[in-house]
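Novice: Dropping a structure here in structure tokens format, bear with me for questions.
The values are calculated or read from the model by the stated rules, or taken from the named source; none is laboratory data. Here the structure is a predicted model, which is why all the values come from computation and not from measurement. Here Cβ is always computed from backbone atoms with ideal geometry, including for glycine, and neighbour counts include all displayed protein chains.
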Amino acid sequence: MRPNPLLLSSVLASYVAWAAAQPAAQPAAQAPAADHGWHQSQARDAADTYTFTRFTLVGRFLGSSAQPADRPALSVDCIPRTDSTHARFLGADLLVGTTLKIDYVEPAEIRGTNYYPKVAVEYRLDAREAEQQQWPAGTDRIPTARPSDKLSASVPRGTLRQMLHAHTVVITASDEHGAPIEMQFDIPDPTPVEAACRVD
């Protein structure tokens with residue numbers, strides 16, 4: 001039995017009319033882009049004696065998937081300028097979130113038996129040659145339940161100044177077992193940090 005062409009064309013015309021009347025499909029909602037800028041917050045120091053501003057930049061781990069669940073961060077603490085006081089830079093830290101390898105370095109001038117806890121790091125700014133430094137073990141001005149002096153390293157002021165004017169910073173340190181931890185930070189506009197913290 002041959003199909004009826006008139007019936008087929010009538011069904012097709014009805015389908016086309018129905019499809020045209022349907023609302024247009026909406027594109028899937030996209031997740032908002034992650035904010036890669038400096039996050040600003042207010043905090044009190046551990047002794048609860050003053051308020052300071054913390055600028056935080058979140059980075060990412062590179063390489064091995066066995067890195068800590070938390071993402072690495074750079075924090076810059078300062079007391080911004082007021083009508084009566086100048087801006088005051090307090091310090092900058094690399095917050096890793098896992099126990100770092102601490103080397104106890106003999107000071108240049110020996111006074112007693114004190115040794116300085118240091119973290120060996122290698123950092124690279126953009127496409128420049130990598131540089132190696134020993135940064136002091138970090139000290140978090142915000143009290144936490146974990147000892148921060150083994151989870152972070154203090155970034156020297158001069159090094160921070162260089163980092164703020166790079167586009168990409170890659171930092172490598174070692175965990176307590178000596179395994180390398182590689183982190184990358186994409187540096188946004190440093191103006192708010194420089195204006196509030198007097199880094200230079």
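Novice: Tally up the residues in region 134-176 that are assigned to a strand (DSSP E or B), modelled with pLDDT under 95, surrounded by fewer than 21 Cβ atoms within 10 Å (Cβ to Cβ) and not polar (S, T, N, Q), please.
Specialist: Of the residues in region 134-176, 2 are assigned to a strand (DSSP E or B), modelled with pLDDT under 95, surrounded by fewer than 21 Cβ atoms within 10 Å (Cβ to Cβ) and not polar (S, T, N, Q).
Novice: Among the residues of region 61-79, write down those that are over 16 Å from the mean Cα position of the chain (by Cα), surrounded by 15 or more Cβ atoms within 10 Å (Cβ to Cβ) and modelled with pLDDT under 90.
Specialist: Across region 61-79, the qualifying residue is only ILE79.
Novice: Right, something else. Of (1) at pLDDT 70 or above; (2) on the phi > 0 side of the Ramachandran plot, ALA130 satisfies all except one. Which?
Specialist: (2)
Novice: Would you please name the residue that is farthest from GLN40 (Cα to Cα), looking only at residues in region 80-108 that are among the acidic types (Asp, Glu) and at pLDDT below 90? Spell out the reasoning first.
Specialist: Of the residues in region 80-108, the ones among the acidic types (Asp, Glu) are 83, 93, 103, 106.
Applying the additional criterion that residues be at pLDDT below 90 yields 83, 103, 106.
Numbers: ASP83: 20, ASP103: 32, GLU106: 36 Å.
The extreme case among them is GLU106.
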